[in-house]
Every structure is written in structure tokens, then in C-alpha cells.
Amino acid sequence: MKKLLAVLLLFSSFTSFSQMMPLVTVRCTAVYDGDTFEILWQGVKTKCRILNIDAPELKQDYGLQSRDSLVKYLDKKLITVQQIQGPKKTDLYGRMLVNVWSPLYYNRLDVLLVSSGTVWYDDANGTYPPSQIAQDIAQSQRKGLFKCEDSGTPALRPRLYRKMKAFEKIRYKQDCW
């Protein structure tokens with residue numbers, strides 16, 4: 001299993017960069033949740049969202065753990081980002097869409113976060129097989145978010161949580177944490 005993950009992480013390093021800008025080193029100034037952070041980009045503070053992942057909302061089960069995981073990798077550190085080219089440079093909320101390269105592992109951070117079970121793989125902006133494989137492994141090993149897969153209330157994807165009404169969010173609590 002460790003060899004498969006190593007191959008997966010290596011594969012993610014050599015993927016196509018046709019839709020990407022060059023790698024840029026910037027300072028992360030704040031982390032907001034498990035997939036959103038702020039950088040100092042050309043002298044301007046800019047909100048960014050990591051491509052191909054979706055993290056639990058802070059008020060959602062596992063939301064704080066997801067944010068803390070991203071803090072460990074990014075907060076107040078020099079990081080390497082790669083902005084997306086083309087018409088979808090930003091998301092619905094105006095955040096710059098980026099890939100983040102982990103300085104510790106010389107790999108894309110989205111794969112590391114998905115493999116640890118702290119975020120979901122999200123293919124809304126295009127597929128990325130290494131992240132999908134990493135999520136399959138995390139689910140089979142019941143890591144993080146996927147700990148409760150067989151319970152009566154498994155972890156809820158953030159896109160579904162965001163659509164719920166306030167009273168539904170209050171009632172939805174996982175019982176296996």
C-alpha cells in the first residue's frame with residue numbers, strides 16, 4: 001500500500017501543465033479553512049482555493065480538523081503555488097484557483113490532504129487521477145473523514161452541507177466521532 005501511494009505521489013508530480021502558469025513562491029499569510037488560504041501575491045493579499053479538493057465547512061463535523069491540517073502545511077510559510085490559466089482562474093467566490101506544491105514532499109498538496117482523509121477529492125474543475133486514487137485508499141483505510149463510512153450518518157460532502165437549511169444542519173450530527 002505504501003508503494004502504491006509513493007507511485008501515486010510521484011505520478012502527480014509529472015502531470016500535464018497545459019492549463020497552468022509557472023510555479024511561484026509566495027508567503028501564506030492566513031488559513032481560513034481546509035481548502036482556502038491567503039497569500040501575499042505581488043504585494044497584494046489574495047484569497048486562494050486549492051484546486052481539486054473540497055474541505056468540510058468550519059461548523060461542519062471535521063471542519064476544524066481539516067483546517068488545522070492545512071495550517072500545518074501552509075500557515076505563515078513560504079509556499080509554491082501555480083495559478084490556473086484560462087477562463088476559470090477564480091471560483092464562484094472570486095478566490096484564485098491554485099495548485100500548491102508541498103515543500104516537504106515535493107508534491108501537490110491536494111493529493112497529500114486527500115490521502116490523509118482531511119478533505120474530499122472534487123473533480124468540479126477537471127479530473128485528477130492521483131487525487132481520486134488517494135481518496136479511494138483513504139476510504140478503504142477509514143482515515144479521517146471516512147472513519148464513519150459504515151455508520152448511520154457518514155461524513156457529508158460540503159456541497160450537500162451548504163445546501164441544507166439551518167435546522168437540518170443542527171440535526172445532522174455524526175455519532176461515531
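Couple of notes before you dig in:
- Here ALA134 passes the criteria (1) farther than 14 Å from GLY34 by Cα; (2) at pLDDT 90 or above; (3) exposed (fewer than 13 other Cβ atoms within 10 Å of the Cβ) except the one numbered (3).
- Residue match in the stretch 39-58 (condition: open to solvent by less than 30 Å² (accessible area, probe 1.4 Å), at pLDDT below 85, out of contact with any Gly (no Cβ under 7 Å at 6 or more places or on another chain) and closer than 21 Å to ASN125 by Cα): no
- Evaluation of THR153 against (1) surrounded by 18 or more Cβ atoms within 10 Å (Cβ to Cβ); (2) over 12 Å from the mean Cα position of the chain (by Cα); (3) of a type in the set (Ser, Thr, Tyr) (one fails), failing number: (1)
- Test: residue in the stretch 102-112 that is charged (D, E, K, R) and touching a Pro at 6+ places or on another chain (Cβ under 9 Å): yes
- Single residue of LEU92, LEU97, LEU112, LEU145 found to be open to solvent by 30 Å² or more (accessible area, probe 1.4 Å) and hydrophobic (A, V, I, L, M, F, W, C): LEU92
The values are calculated or read from the model by the stated rules, or taken from the named source; none is laboratory data. For clarity, every value in this text was computed on a predicted model and none was experimentally measured. Quick reminder, even Gly has a Cβ in these numbers, built from the backbone with ideal geometry, and neighbours come from all protein chains shown. Areas reflect the complete protein model, heavy atoms only, side chains present, ligands, DNA and RNA absent. Shrake-Rupley method; radii C 1.70, N 1.55, O 1.52, S 1.80 Å.
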